[in-house]
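The structure appears right after this line, and notes come after that.
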Amino acid sequence: MAEETQVLVKFITKLPAHLKVPETPVAVPASLKRYGLSQIINHLLALDPPRPFDFLADGELIRKSLEQHLLSHSLSAESTLEVEYVPAVVPPQQKSSKPLDDWVSSVDATRAASSLSASPSSSSGPIASGSYDGLLRLWSGDLQCTATVSAHEGGVNCVRFLPQSQGDLLLTSGKDRTIKMWRVDGAGGASPQCQLLAKYRGHHDGVEHVAASPSGRRFVSCGWDGKLMVWESGRSVAAAAAAAAAEAGAADAADGSKKKRRVNAAANGHAGNVLTAAAAAAGGSGGLTVTEASTELLGHLHCVSAVSWPLEESLYSGGWDHSVRRWDVAAGVAVDTYNGSKTVLCLATHGSSPHLVAFGCSDRAVRLWDTRGRPGSETMAVTTHGSHGNWVSAVAWCPSSQHHLATAGYDGAVKLWDLRTQVPLGSLRGHTDCRVLCVSWMGRVCGAEHKVVVGILVRKCVCALLNGER
């Protein structure tokens, strides 16, 4: 019998010292795949219980045998192959779900801390969701509904928290052509309250998506009218809303006696339906009304379906005109444009790699655009990374990893990707005859050993998905 081919492998890692093996090259069978390599690392480290590892060669996850990897990259079997090992990501599993009364369109779980967090003592904020019944809901980390607010007539399209630096402020947008900014009082408690601070009116059709700038002092909105508008937000607007409410309350108190003298018996029967400006603001049905955006970005020819704002000076948008655009916010112009052949339904960027844009399209493909190349050159390439069985409806970048994405689609699947391989790390297909409309990562804790993906299903259900150990 022919002797099995051996390959010299030098194992390296960026993990802590207690998880490092000697970097002396060792001879291993060329037929080994990821599982066999993981067994070697566990043996060398004497880990009990064993831990799963993934392996990178030249920045690419190894998904074939070492021999196949060498052949596909035209490498000699006599050379020493440098392989980096990293913690593996376990495929996602459903953890819990909650039935709702209507389709759920948007979710933001970035303020919530996973129960599996490496820092359980850290405070946990709520999960926010919006649905087509017009309700904004707040949830605890274990998916207990803690608050319900009537937010938009006709349905909520998007919910997004502002950055923590701006306090507990939340944006919602809806089919009623408005955006609203709310303050979540008692956000970390069992019974949070939502107070409406401001209404933004400027769109002529449903507002599909909103995204806050990194500072949270501004946000961008987009919608079916093809408009892309930048607005002021954050603490300054919240302070202005509080000042307006106080002024209205003072004015109301000053002429209160005059109003009382004019109230007759018939009017007394309807007095309970009248709110002062101050009471309306405090009760969540008033607030400031903002009608002028600070900037309008012109260029899209159809519905703008998605936006992302990774840097203060630049943001991204995508829409039904088959384009993804990068905008210089100060100049108000598109500095890069990718023109495809299919509708762009969703997009996401990562704060530590703002030049990379992941977006999903109506042709079922997940694409990645690296904008560092020159406009019009071949280096401004858009690569197709993976696919769903139907439209890709949502994409979310893992806050603590620039390599990991979660996507959702009209095929009812939630998929977890590592951009260093074309094969998904896992796919959850427990949703039959339905569409998944949105997906979010739970929390923003870097270095945590576990992450939780929260998916929202079009078939009236909030579902938490555990993607396991890294």
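Bear in mind that the values in this text are calculations on the coordinates, not laboratory data. Everything numeric here is computed off the predicted structure, so don't read it as measured data. With ideal geometry, Cβ positions are generated from the backbone for all residues, glycine too; neighbour counts draw on all protein chains shown.
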Using the Karplus curve 6.51 cos²θ - 1.76 cosθ + 1.60 with θ = phi - 60°, what ³J(HN,Hα) values do you get for each residue of the stretch 78-83, in whole Hz, with x for Gly and Pro? 8, 7, 8, 8, 8, 10
Output the peptides 91-99, 104-112, 208-216 sorted from most to least packed, where packing is the average of other Cβ atoms within 10 Å over each peptide's residues. 104-112, 208-216, 91-99
Which net charge results for the neighbourhood of LEU56, defined as the other residues with beta-carbon distances under 9 angstrom from its beta-carbon, given Lys and Arg at +1 and Asp and Glu at -1? -3
With +1 on each Lys and Arg Cβ and -1 on each Asp and Glu Cβ, and nothing else charged, work out how big the dipole of the stretch 6-87 is about its Cα centre, in Debye to the nearest 20. 220
Amide H to amide H, which residues 5 or more places from VAL290 or on other chains are under 5 Å from it, using H placed in the peptide plane? LYS199, TYR200, ARG201
Translational diffusion coefficient, Stokes-Einstein: compute it for the stretch 6-87 using the Kirkwood radius over C-alpha pairs as Rh, at 20 °C and 1.002 mPa s, and state it as an integer in µm² s⁻¹. 168
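Per residue and in Å³, how big is the convex hull formed by the alpha-carbon atoms of the stretch 61-207?
Expressed per residue, the convex hull around the Cα atoms of the stretch 61-207 is 197 Å³.
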Efficiency of FRET between HIS43 and SER427 - r from beta-carbon atoms, R0 25 angstrom, step 0.05: 0.25
Residue by residue through the stretch 176-188, the couplings from Karplus 6.51 cos²θ - 1.76 cosθ + 1.60 with θ = phi - 60°, in Hz, x for Gly and Pro, are 8, 6, 10, 10, 10, 10, 10, 9, 9, 7, x, 4, x
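Counting Lys and Arg as +1 and Asp and Glu as -1, what is the net charge of the other residues whose Cβ lies under 9 Å from the Cβ of ASN390? It would help to have the intermediate numbers written out before the result.
Details: positive: ARG364, ARG435; negative: ASP411.
Residues close to ASN390 contribute a combined charge of +1.
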Amide H of LEU345 versus every other amide H placed in the peptide plane: which residues, excluding those fewer than 5 positions away on the same chain, fall under 5 Å? GLY360, CYS361, SER362
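Just the number, please: percent antiparallel of the DSSP beta bridges in the stretch 6-87, rounded to the nearest 5.
Numbers: 10 of 15 bridges.
Bridges in the stretch 6-87 are about 65 percent antiparallel.
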May I ask for the net charge around THR289, where only other residues with Cβ less than 10 Å from the Cβ of THR289 are counted and Lys, Arg are +1 while Asp, Glu are -1? +2
What does the highest-first list of 333-345, 35-47, 166-178 look like by mean Cβ count within 10 Å? 166-178, 333-345, 35-47
A 25 angstrom limit on the alpha carbon distance is what I want to check against. Which of LYS10/LYS415; LYS199/LYS342; LYS95/LYS415; LYS175/LYS415; LYS10/LYS64 exceed it? LYS10/LYS415; LYS199/LYS342; LYS175/LYS415
If you plug each phi of the stretch 191-200 into the Karplus form 6.51 cos²θ - 1.76 cosθ + 1.60 with θ = phi - 60°, what whole-Hz ³J(HN,Hα) values come out, in order, with x for Gly and Pro? 9, x, 10, 9, 10, 6, 9, 7, 10, 10
